[in-house]
Amino acid sequence: MPTKKILESHAASVLKKEISMTNIKGYSKLRKAELVDLMMRPEHKDRFSHIEMARPKISKKEQA
């Protein structure tokens with residue numbers, strides 16, 4: 001099951017992409033916090049069980 005923390009670790013664009021793969025409607029104008037709330041609803045939560053914590057981005061300075 002996804003937790004709020006896991007969902008919040010992703011960008012809003014990623015969350016919208018995940019929602020678009022379901023038949024949930026009316027999400028396109030929502031902000032990130034609203035997307036997370038929508039995805040955490042009991043009736044939708046099972047659809048997002050495959051989502052894992054996002055990996056932190058590594059800056060170019062850290063790569064060198």
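Quick note: the coordinates plus some simple rules give every number you see, no bench work behind them. Since this is a predicted model, take the numbers as computed values, not measurements. Here Cβ is always computed from backbone atoms with ideal geometry, including for glycine, and neighbour counts include all displayed protein chains.
Over all other residues within a Cβ to Cβ distance under 15 Å of LYS29, the charged ones net out to +2, with Lys and Arg as +1 and Asp and Glu as -1. Peptides 4-10, 29-35, 55-61 ordered by packing proxy, namely the average of other Cβ atoms within 10 Å per residue, highest first: 4-10, 29-35, 55-61. When the listed pairs LYS32/LYS61; LYS5/LYS29; LYS16/LYS45; LYS5/LYS25 are checked against a 26 Å cut-off, the alpha-carbon distance exceeds it for LYS32/LYS61.
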